[in-house]
Amino acid sequence: MQHDSMQPARMPQSAVPYVYTAIAPTHDWLAVLVEAKARAFGLQQLAVQNGEHVLEVAVGTGLSFTELVSANPDGWTEGLDRTPAMLRQTARRMQTAPHQRFGLRLGDAYALPYPDNTFDAVLNSYMFDMLPVADFTTVLREFRRVLKPGGRCVCINMTVPTHWTERLWDTLYALFPPLLGGCRGITLAPSMRKAGFADVRRTRIVQRTFPSEIVVGFC
């Protein structure tokens with residue numbers, strides 16, 4: 001699937017914090033209905049080992065972050081998001097965490113506030129499907145910069161439809177992008193290779209007609 005099969009990003013990046021502040025209280029119900037299988041597979045592919053340094057970019061309401069922290073009691077797990085309302089949701093969710101070896105930080109994926117070679121693993125879910133295609137490689141190079149040699153990256157996105165039943169979601173996006181949080185179907189693997197990741201693998205999962213991709217790459 002080529003880049004020209006994707007719709008262009010139609011929600012300005014400046015609108016993202018406002019849109020996600022509005023949807024933060026109701027975000028999880030749709031995520032559970034249509035993203036749960038892809039998120040679970042992505043976590044399985046990331047395969048966090050206890051004692052690692054792990055980063056989740058665009059941590060959202062913490063749906064995946066709780067799993068990362070639980071799997072890493074002797075390491076450090078960092079969560080980053082550009083929307084304060086989302087970070088507050090995650091912080092509330094983490095009040096019952098079994099340990100406190102984690103941090104939450106406000107920040108931007110375009111300029112990650114971490115030194116080079118900091119993390120063993122990076123997870124990102126449903127963020128690139130909001131970004132302009134021209135920015136994919138720029139952001140992925142930031143992910144690669146903060147990963148240690150041998151580190152791995154897992155990105156989960158809404159992907160392009162291949163069956164008529166899946167086209168509803170891109171139609172909704174075309175009608176009103178904020179309805180889906182600015183997400184539309186994309187394919188990330190070519191950009192991940194361009195950013196310098198090796199052994200890039202892509203898996204496609206559909207849940208209730210919603211198409212997701214899980215893309216894995218290694219440093």
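The values are calculated or read from the model by the stated rules, or taken from the named source; none is laboratory data. Predicted model only: the values in this text are computed from it and were never measured. Counting neighbours? That spans all protein chains shown, and the Cβs are built from the backbone with ideal geometry, glycine included. The accessibility values were calculated without ligands, DNA or RNA, using every heavy atom of the protein model including side chains. Shrake-Rupley method; radii C 1.70, N 1.55, O 1.52, S 1.80 Å.
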Packing rank of 122-134, 203-215, 95-107, 138-150, where each peptide gets the mean count of other beta carbons within 10 Å, highest leading: 122-134, 203-215, 138-150, 95-107
Take the solvent-accessible surface of the protein heavy atoms, probe 1.4 Å, and return the percent of it on the range 37-128 that carbon and sulfur atoms account for. 50
Using DSSP, restrict attention to beta bridges with both residues in the range 66-215 and report what percent are antiparallel, rounded to the nearest 5. 50
Gain in length, S70 to L172, computed as 0.36 nm per residue apart minus the alpha-carbon separation, to one decimal in nm? 33.2 nm
What's the FRET efficiency of T96 with T162 using the Cβ-Cβ distance as r and R₀ = 45 Å, to the nearest 0.05? 0.70
D_trans [Stokes-Einstein, Kirkwood Rh over alpha-carbon pairs] for the range 48-95, 37 °C, 0.692 mPa s, µm² s⁻¹: 310
Please report, to one decimal in angstroms, the Kirkwood hydrodynamic radius of the chain built from all distinct Cα-Cα pairs. 17.2
When the range 66-160 is reduced to its Cα atoms, the Kirkwood hydrodynamic radius in Å: 14.4
Counting only protein heavy atoms and rolling a 1.4 Å probe, one gets per residue an accessible area for the chain in Å² of 44
What FRET efficiency would be calculated for the residue pair R10, D199, taking the C-beta separation as r and a Förster radius of 35 Å, to the nearest 0.05? 0.60
Zone of Q45's modelled label, taken as backbone nitrogen in the range 116-137 under 19 Å from a point 7 Å along Cα→Cβ: 120-131, 136-137
